[in-house]
Amino acid sequence: MNTIRIELYAPEYKDDFVRLNKEWITTYFRLEESDLHTLNHVEEYILDNGGQVFIALVDNRAVGCCALIAHRETQTFEMAKMAVSPQAQGLGLGRKLGEALISYAKEKGIKQLFLEGNTLLEPSMILYRKLGFKKVPVSNSAYQRCNIMMMLDIE
């Protein structure tokens, strides 16, 4: 039986976060400048700015991740950089990561989250809807691959 845990970021997970995201992005798209900026500056861009990174561990091995990114200039918060290793898909890790991020955001008093995605990735669209995200018009996307934006109002 697999032991599944969701952990908050620690420096020893940085390489896993980068590896998982590069693996996911390059499987479906290409790395963009904004990806490289985030992945090369995890602590400065995400953590020091008021965000958090969540790591999914299966049997103590990092196989999934996602990030809560604070955008101070617009006073918004983004669920981003969700990736699950192909070997670990089907274990519900995306949902567990999303639920951990939403719970954390609620604890921090965050009232709304947004995400940017691509509708070609139907499993992710299903997951986001299950988590309560609703489609909104795309505006100011940081990624060429983005063709959908979704918002979640946190109770």
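Is there any pair with a first residue in region 100-114 that is over 22 Å from ILE4 (Cα atoms) and a second that is part of a loop (DSSP other than H, G, I, E, B) whose Cβ atoms are under 6 Å apart and which are 6 or more apart or on different chains, and what are they?
Correct list of pairs: LYS106/ILE154; LYS111/ILE154.
Could you tell me how many of the residues in region 83-94 are within 11 Å of the chain's Cα centre (by Cα) and either in a loop (DSSP other than H, G, I, E, B) or farther than 16 Å from THR3 by Cα (or both)? Break it down into steps so the answer makes sense when it comes.
We begin by selecting, within region 83-94, every residue within 11 Å of the chain's Cα centre (by Cα); these are 83-84, 94.
The next check asks that each one be either in a loop (DSSP other than H, G, I, E, B) or farther than 16 Å from THR3 by Cα (or both); those that pass are 83.
Residues that pass the stated criteria total 1.
Show the residue pairs meeting these rules: Cβ distance below 8 Å; 6+ apart or different chains; first residue within region 129-155 and farther than 20 Å from PHE29 by Cβ; second residue aromatic (Phe, Trp, Tyr) and surrounded by 13 or more Cβ atoms within 10 Å (Cβ to Cβ).
VAL136/PHE114; MET151/PHE114; MET151/PHE133; LEU152/PHE114; LEU152/PHE133
Could you list, in sequence order, all residues of region 9-24 that are over 11 Å from LYS81 (Cβ atoms), assigned to a helix (DSSP H, G or I) and not acidic (Asp, Glu)? Walk me through it before giving the result.
Taking region 9-24 first, the residues over 11 Å from LYS81 (Cβ atoms) are 9-16, 19, 23.
Checking which are assigned to a helix (DSSP H, G or I) leaves us with 11-16, 19, 23.
If the condition is that a residue be over 11 Å from LYS81 (Cβ atoms), assigned to a helix (DSSP H, G or I) and not acidic (Asp, Glu), then PRO11, TYR13, LYS14, ARG19 are the ones that fit.
On the given criteria, is GLY117 surrounded by 13 or more Cβ atoms within 10 Å (Cβ to Cβ) and either touching a strand residue (DSSP E or B) at 6+ places or on another chain (Cβ under 6 Å) or more than 21 Å from LEU20 (Cβ to Cβ) (or both)? Steps first, please.
Details: surrounded by 13 or more Cβ atoms within 10 Å (Cβ to Cβ): yes; either touching a strand residue (DSSP E or B) at 6+ places or on another chain (Cβ under 6 Å) or more than 21 Å from LEU20 (Cβ to Cβ) (or both): yes.
Yes.
Residues to consider are GLU99, GLU107; find the one that is loosely packed, with under 15 Cβ neighbours inside 10 Å and not polar (S, T, N, Q). Full working, then the answer.
Details: GLU99 fails: loosely packed, with under 15 Cβ neighbours inside 10 Å.
Going through GLU99, GLU107 in turn, just one is loosely packed, with under 15 Cβ neighbours inside 10 Å and not polar (S, T, N, Q): GLU107.
Restrict the check to region 31-47 and report whether at least one residue is in a loop (DSSP other than H, G, I, E, B), free of Cβ contacts under 8 Å to residues at least 24 places away in the same chain and surrounded by 13 or more Cβ atoms within 10 Å (Cβ to Cβ).
From region 31-47, those in a loop (DSSP other than H, G, I, E, B) are 31-32, 41; that's our starting set.
Remaining after also requiring free of Cβ contacts under 8 Å to residues at least 24 places away in the same chain: 31, 41.
Then keep just the ones that are surrounded by 13 or more Cβ atoms within 10 Å (Cβ to Cβ); that gives 41.
Yes.
Tell me the residue from GLU99, GLU73 that is out of contact with any strand residue (DSSP E or B) (no Cβ under 6 Å at 6 or more places or on another chain), charged (D, E, K, R) and assigned to a loop (DSSP other than H, G, I, E, B), please.
The match here is GLU73.
Taking the stated definitions as given, is VAL53 without any contact (Cβ under 8 Å) to a residue 60 or more places away in the chain and surrounded by 20 or more Cβ atoms within 10 Å (Cβ to Cβ)? Lay out the reasoning, then the answer.
Values: without any contact (Cβ under 8 Å) to a residue 60 or more places away in the chain: yes; surrounded by 20 or more Cβ atoms within 10 Å (Cβ to Cβ): yes.
In short, yes.
Readers should treat all values here as calculations from the given coordinates under stated rules, not as data from a laboratory. Just so it is clear, the model here is predicted, and its values are computed rather than measured. Every residue, glycine as well, gets a Cβ built from its backbone with ideal geometry; the counts of neighbours run over all protein chains shown.
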